1. Kindly write out, for the range 295-300 in residue order, the coupling ³J(HN,Hα) from the Karplus curve 6.51 cos²θ - 1.76 cosθ + 1.60 (θ = phi - 60°), rounded to whole Hz, with x marking Gly and Pro.
2. Considering the Cα positions of the range 253-329, please state its Rg to one decimal place and its Dmax as a whole number of Å.
3. Give the residue list of GluC sites (Glu not before Pro) in the range 225-329 that are DSSP loop and have at most 13 other beta-carbon atoms within 10 angstrom.
4. Calculate the FRET efficiency for Gln237 and His48 from the Cβ-Cβ distance with a Förster distance of 22 Å, rounded to the nearest 0.05.
5. Taking the highest mean first, how do the peptides 49-58, 221-230 order by number of other beta carbon atoms within 10 angstrom per residue?
6. Starting from the 7 Å offset along Cα-to-Cβ, what nm value, one decimal, do you get for the label separation of Lys256 and Glu37?
Amino acid sequence: MQSVLNTVKGTALNVAEYLTPVLKESKFRETGVLTPEEFVAAGDHLVHHCPTWQWAAGDETKTKPYLPKDKQFLITRNVPCYRRCKQMEYVGEETLVEEESGDGGWVETHQLNDDGTTQLEEKICELTMDETKDEMHTPDSDKSAPGDAVDGEDEDDDEAIDMDAFEESGMLDLVDPAVATTTRKLEVEAKASPAAAAATTEAFGDSVLHTRTYDLHISYDKYYQTPRLWVVGYDEQRKPLTVEQMYEDVSQDHAKKTVTMESHPHLPGPNMASVHPCRHADIMKKIIQTVEEGGGQLGVHLYLIIFLKFVQTVIPTIEYDFTQNFNMS
């Protein structure tokens with residue numbers, strides 16, 4: 001239902017944008033909006049200070065006459081995204097543990113079982129040191145057969161192996177056939193079917209960090225008279241992510257609300273995820289007022305630098321913001 005509403009709103013806004021005249025006079029300080037000329041100036045400043053961003057022309061059939069043909073929108077490619085948003089959200093109970101002095105406290109985040117023990121405690125083996133031998137034992141090793149101790153004593157009486165003779169015998173070159181066969185079998189099964197590969201990964205664990213990448217675009221929205229951010233994601237094989245996969249990298253407070261799937265104003269093809277610009281001008285206006293109250297002055301050329309910083313809250317795991325620092329005081 002939400003997607004249907006977003007589609008209807010998008011169509012209505014496209015009509016409204018077509019009918020909205022191009023902003024000619026600057027209202028940056030009064031309302032936080034931009035003229036097309038100010039958008040280009042802010043884009044030039046971004047490209048100069050952060051060369052990973054570049055101007056793009058887009059499709060010729062979608063060229064906007066109020067922008068230069070070679071500066072229709074900004075783009076940066078292959079931005080890494082190492083984590084999903086849900087991995088940043090802690091799930092579990094927190095217990096406030098107060099100090100005896102009452103001066104402060106700390107938060108305990110361990111999960112307790114019904115008997116008051118933690119899961120970590122159950123996984124730790126009890127280690128004991130034998131007084132007579134420099135050996136370390138676990139509860140499982142103590143259950144071994146009594147004859148094992150006798151065999152161990154006999155082994156201690158054996159003479160040490162001559163390593164030179166051992167090397168000359170060629171024993172170092174021998175490979176355990178059982179290990180080799182098992183490894184080869186797993187590799188063959190993994191190549192034979194994706195299902196076997198998935199089962200192998202699940203059985204032995206997957207410690208490889210799978211990194212998604214995103215291409216980010218910044219266009220000028222004529223209706224809202226502000227920049228607008230567009231994102232499209234890819235997996236490690238550079239295959240496009242599905243809509244639901246991309247929503248995994250969007251803050252859950254903004255997914256399918258602030259961030260919606262809409263058609264790109266300068267490119268053909270499928271819809272792209274976009275951060276809706278309805279609040280951009282209000283946020284920028286508040287930032288301008290804060291800077292001026294502190295005795296400073298905010299130039300319009302810094303618009304996109306600041307824009308990228310406050311949009312980061314919507315897509316916190318996409319690591320694109322390596323622009324210059326900005327001080328509001």
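The numbers here are math on the coordinates, done by the rules we state, and not lab data. In this text the structure is predicted, and so the values were computed from the model without any measurement. Cβ placement follows ideal geometry from the backbone for every residue including glycine, while neighbour counts extend to all protein chains displayed.
1. Per residue, the Karplus-derived 3J(HN,Hα) values read x, x, 9, 9, x, 5 Hz.
2. 14.6, 47
3. Glu236
4. In this case the efficiency is close to 0.05.
5. On the way: 49-58: 16.1, 221-230: 21.4.
Result, highest mean first: 221-230, 49-58.
6. Placing both labels 7 Å beyond Cα along the Cβ direction yields 4.4 nm.
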